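Participant: Shown below is the structure under consideration.
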Amino acid sequence: MLLVAHPAFRDLEYRQTVLIAAPAPNGGHVGVILNRPTRRSLASLFPEHEPSKKVIDPVYYGGPFSRGALVALVHSDNAPGAGSVPLMKHLYLAFRANTIDHVIETTPNEARYFVGYVGWRPGELKSEIDRGLWSVVDADLDMIFRKDTEGMWEELLQASRRIRADVAPARHLAAVAR
């Protein structure tokens with residue numbers, strides 16, 4: 001699922017963000033912010049690692065947890081290795097360094113790399129959605145790996161408003177019919 005921050009979200013970490021999130025093994029959720037590219041390349045972060053120079057896209061800011069750690073969204077038919085969480089069909093979030101190194105060395109541009117990630121304790125994300133902090137929209141790979149993330153938040157915010165507008169009359173009619 002994609003999470004679109006509510007316009008009134010006050011936390012600067014999440015203002016005008018779009019995240020992808022999925023259940024984690026601990027019962028919580030994990031994800032990354034999709035629309036915060038940095039000005040750093042993977043090669044600039046790991047100048048001694050020759051395969052990192054093959055990565056075209058910038059590194060993205062994934063979230064406030066473990067800002068010093070690299071995580072990767074990996075587009076693959078199968079889990080890229082240990083320490084990977086499935087987000088949706090053909091998409092994994094890889095946390096382990098050796099798995100991420102393998103991705104960089106074998107399919108460097110079939111992934112997007114992030115410093116940091118977002119995590120929620122069990123029940124925390126549901127509570128945030130129930131409080132209206134996030135709108136939920138369906139995820140697709142084209143949106144997730146979109147080259148230009150400028151305007152992504154605005155687009156998805158408008159889409160989520162259209163979805164709510166389409167759903168609201170149906171709920172109203174169902175309530176009236178009872």
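Participant: Quick one: LEU87, LEU141, fewest Cβ neighbours within 10 Å first, how do they rank? List each step's numbers first, then the result.
Facilitator: Values: LEU87 21, LEU141 13.
Sorted ascending by nearby Cβ count, the order is LEU141, LEU87.
Participant: Under a point-charge model restricted to the Cβ atoms of Lys and Arg (+1) and Asp and Glu (-1), what is the dipole moment magnitude of the stretch 2-177 relative to its Cα centre, in debye to the nearest 20? Provide the component values of the computation, followed by the final result.
Facilitator: On the way: 20 positive and 20 negative charges, 90 e Å.
Once rounded to the nearest 20, the dipole reads 440 debye.
Participant: What trypsin sites (Lys or Arg not before Pro) does the stretch 5-66 have in DSSP loop regions with at most 13 other beta carbons within 10 Å? If you can, show how the numbers build up before the last one.
Facilitator: Values: sites: ARG10, ARG15, ARG39, ARG40, LYS53, LYS54; in loops: ARG10, ARG15, ARG39, ARG40.
Passing sites in the stretch 5-66 are ARG10, ARG15, ARG39.
Participant: Distance from a point 7 Å along Cα→Cβ of ASN26 to each backbone N in the stretch 85-127: keep the residues under 18 Å and list them by number.
Facilitator: Flagged as within label range: 85-87, 93-97, 116-127.
Participant: I'd like the Karplus ³J(HN,Hα) series for the stretch 87-103: coefficients 6.51, -1.76, 1.60, θ = phi - 60°, whole numbers in Hz, and an x wherever there's a Gly or Pro.
Facilitator: 9, 6, 4, 6, 9, 10, 9, 9, 10, 7, 4, 5, 5, 5, 4, 4, 4
Participant: Another question about this same structure. So if R0 is 35 Å, what FRET efficiency would LYS54 and ARG15 give, r being the distance between their Cβ atoms, rounded to the nearest 0.05?
Facilitator: E(calc), rounded to 0.05, equals 0.60.
Participant: When you have a sec, figure out the Kirkwood radius of the chain from all distinct Cα pair distances and drop it here in Å to one decimal? It would help to have the intermediate numbers written out before the result.
Facilitator: Values: mean 1/r = 0.0584 Å⁻¹.
Evaluated on the chain, it is 17.1 Å.
Participant: Next question, about the same structure. Can you say what percent of the DSSP beta bridges in the chain, counting only those with both residues inside, are antiparallel? Round to 5.
Facilitator: Numbers: 30 of 32 bridges.
That works out to approximately 95 percent antiparallel.
Participant: What are the ³J(HN,Hα) values, in whole Hz, obtained from phi via the Karplus relation 6.51 cos²θ - 1.76 cosθ + 1.60 with θ = phi - 60°, for each residue of the stretch 112-125 in sequence order, with x given for Gly and Pro?
Facilitator: Couplings: 10, 10, 9, 9, x, 7, 10, x, 10, 6, x, x, 5, 5 Hz.
None of the figures in this text is laboratory data; all of them are computed from the coordinates on show. Since this is a predicted model, take the numbers as computed values, not measurements. Quick reminder, even Gly has a Cβ in these numbers, built from the backbone with ideal geometry, and neighbours come from all protein chains shown.
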